[in-house]
Protein chains: 2
Amino acid sequence: MRDLSGEPALLSINGATIRKQADLLGIIEGCARHGIADISPWRDQIDAVGLKSAQQAIKDAGLKLSGFCRGGLFPADSAHRNEMRDDNRRYVDAAAALGAPCLIVVAGGLPQYARPGSAPSKDIVAARAQIEDGIAELLAYARTARLPLAIEPLHPMYCADRAAVNTLAHALDIAARLDPQQSGMLGVAVDVYHTWWDPDLYAGIARAGREKRILAYHVCDWLVPTTDMLNDRGMMGDGVIELRRIRAAVEDAGYSGLIEAEIFSDRWWAEPLDTVLATCVERYRTVV
Amino acid sequence: MRDLSGEPALLSINGATIRKQADLLGIIEGCARHGIADISPWRDQIDAVGLKSAQQAIKDAGLKLSGFCRGGLFPADSAHRNEMRDDNRRYVDAAAALGAPCLIVVAGGLPQYARPGSAPSKDIVAARAQIEDGIAELLAYARTARLPLAIEPLHPMYCADRAAVNTLAHALDIAARLDPQQSGMLGVAVDVYHTWWDPDLYAGIARAGREKRILAYHVCDWLVPTTDMLNDRGMMGDGVIELRRIRAAVEDAGYSGLIEAEIFSDRWWAEPLDTVLATCVERYRTVV
């Protein structure tokens, strides 16, 4: 395993982690102040400050990106399909313009939640077919932009309204069907929050390594009790996830990339930005 | 598919569905009043009125049981292992005394949650090994009592604190290892709330049928948004689960047993008992 006890050279901060405390420019300054060399911004954060100014600030601070959040949300009725396609292409373009190593792709759930206004459906099997078709179409566009797509399976509790790809095995099956040549343009993002419960997790990580699919690794923690399904993720070390064991498996599978802290948490959004970043660095050194 | 549009002959009411409105005697009277022929009580409900009086009331009302809730919660440190074993044996004895067709078995999560007071652990792999050992030990006891065990996989959001068996495939794998002879003494309970999201659901149901494991079928619905991880289950038809499609698969797999409505819901616990039962009957006829 890699030694994380020194400078946080492999730590990346996902923009959502401190989105309530600062805009992207403030996040960039904060990361630089704490010796954090990498970030993963969300498109709304880019839009809020403008692409040019985001590019300049990232360059001036000497930061790298670990990813860009997020494309996807594929299920849509026919009236919303063009909007979905164009929206995703803009995500690819923005990620490429910023020099992101990949676009994080969140599948979307049933069409009425993935693309509001779509005709309601309960057909999760059909939604999954749309997801796979959507990834196939976006992949063709992403190849021309040389921008890899990282499918992020989300926890099954988000199946209906956020993502109907809920296991690493499912994400890897999609990648195997759409990119059998293992071109490097289609992979997965492994997030401990979404995958820790899976009895096939370690088999899935090993397979993802063999098939050269691991494009991103995200950490936070699972709290007991979890009081909110969206915004009660834990700081690394505060929950029950075996972070070291999972990171060892990911690194054994050949992953040598960044470790991104992505924490949706009302509790941590209420803390000062410097407290959150200092805590992320300390936990990165001691428990991640 | 079986026709449910007439009398609710296949409907069973899980005791949790109306546990805030009445004790077991009140639940039995209510079910009889609504033409519901079957219930699935919880042990605390039996204890509250006494086993003899529960037996008599069930007999007087002409009710059958669809199951008995619930054994399991296997992970424990060494100081709590005897308590766990004895507790589970008492569940088997109570279920057998009541003539239940099976004991619902919920695996338990990490030991500090499954058996409070146990030394804390984050090792979910070890917890799963304890679960399998615990089922093996309980199965030997249950065989002497001629009381089948139904492993109920719970939704992955309960992995840490309630059950670390979270997929039908995992439950079936355990059953295959511990009861390869398919004796009928070890099977699964399929609950739509816990399994609907699973991309392998239909394959799992078909396998469960081939291996003769389906001992119980539970229904409710998944609401969007779900505002509470424990007590915001939906009434059948109010959420996004394709109830008819799943029941068709379960029946195609050979299941000919009861359909049990198990709804943990603050909203429905606030309604009068007769409203809840009448709604269960109406939804059973129209959407289940």
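Only the coordinates and a few stated rules stand behind these numbers; no lab work does. No experiment lies behind these values; they were computed from the predicted model shown. Neighbour counts are summed over all protein chains in view; Cβ atoms, including those assigned to glycine, are modelled from backbone coordinates with ideal geometry.
Within the stretch B:229-266, work out how many residues are in a loop (DSSP other than H, G, I, E, B), more than 14 Å from chain A (Cβ to nearest Cβ) and acidic (Asp, Glu).
Number of matching residues: 1.
Would it be correct to say that A:Gly109 is out of contact with any Lys or Arg (no Cβ under 9 Å at 6 or more places or on another chain), free of Cβ contacts under 8 Å to residues at least 60 places away in the same chain and farther than 19 Å from A:Leu10 by Cα?
For A:Gly109, the condition - out of contact with any Lys or Arg (no Cβ under 9 Å at 6 or more places or on another chain), free of Cβ contacts under 8 Å to residues at least 60 places away in the same chain and farther than 19 Å from A:Leu10 by Cα - is not met.
Look through A:Ile39, A:Ile28, A:Ile58, A:Ile46 and report the one residue that is surrounded by 14 or more Cβ atoms within 10 Å (Cβ to Cβ), under 21 Å from A:Asn231 (Cα atoms) and of a type in the set (A, V, I, L, M).
On inspection, the qualifying residue turns out to be A:Ile39.
Is it the case that some residue within the stretch A:230-246 is touching a residue at least 60 places away in the same chain (Cβ under 8 Å) and either within 17 Å of the chain's Cα centre (by Cα) or crowded, with 17+ Cβ neighbours inside 10 Å (or both)?
no
For the stretch A:140-171, which residues satisfy the criterion of being out of contact with any helix residue (DSSP H, G or I) (no Cβ under 6 Å at 6 or more places or on another chain), farther than 19 Å from A:Pro111 by Cβ, crowded, with 19+ Cβ neighbours inside 10 Å and not hydroxyl-bearing (Ser, Thr, Tyr)?
Scanning the stretch A:140-171 gives A:Pro148, A:Ala150, A:Glu152, A:Ala171.
Going residue by residue through the stretch B:129-145, is there one that turns out to be under 17 Å from the mean Cα position of the chain (by Cα) and basic (Lys, Arg)?
Checked the stretch B:129-145: no residue is under 17 Å from the mean Cα position of the chain (by Cα) and basic (Lys, Arg).
Residue-wise test of (1) of a type in the set (Gly, Ala, Ser); (2) free of Cβ contacts under 8 Å to residues at least 60 places away in the same chain.
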residue	(1), (2)
A:Gln182	no, yes
A:Asp191	no, no
A:His194	no, yes
A:Ala206	yes, yes
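Does the stretch A:112-139 hold any residues that are closer than 21 Å to B:Gly237 by Cβ and out of contact with any Gly (no Cβ under 9 Å at 6 or more places or on another chain), and which are they?
A:Gln112, A:Tyr113, A:Ser118, A:Ala119, A:Pro120, A:Ser121, A:Asp123, A:Val125, A:Ala126
Filter the stretch B:90-105 down to the residues that are surrounded by 20 or more Cβ atoms within 10 Å (Cβ to Cβ) and of a type in the set (Gly, Ala, Ser) and list them by number.
Scanning the stretch B:90-105 gives B:Ala94, B:Ala95, B:Ala100.
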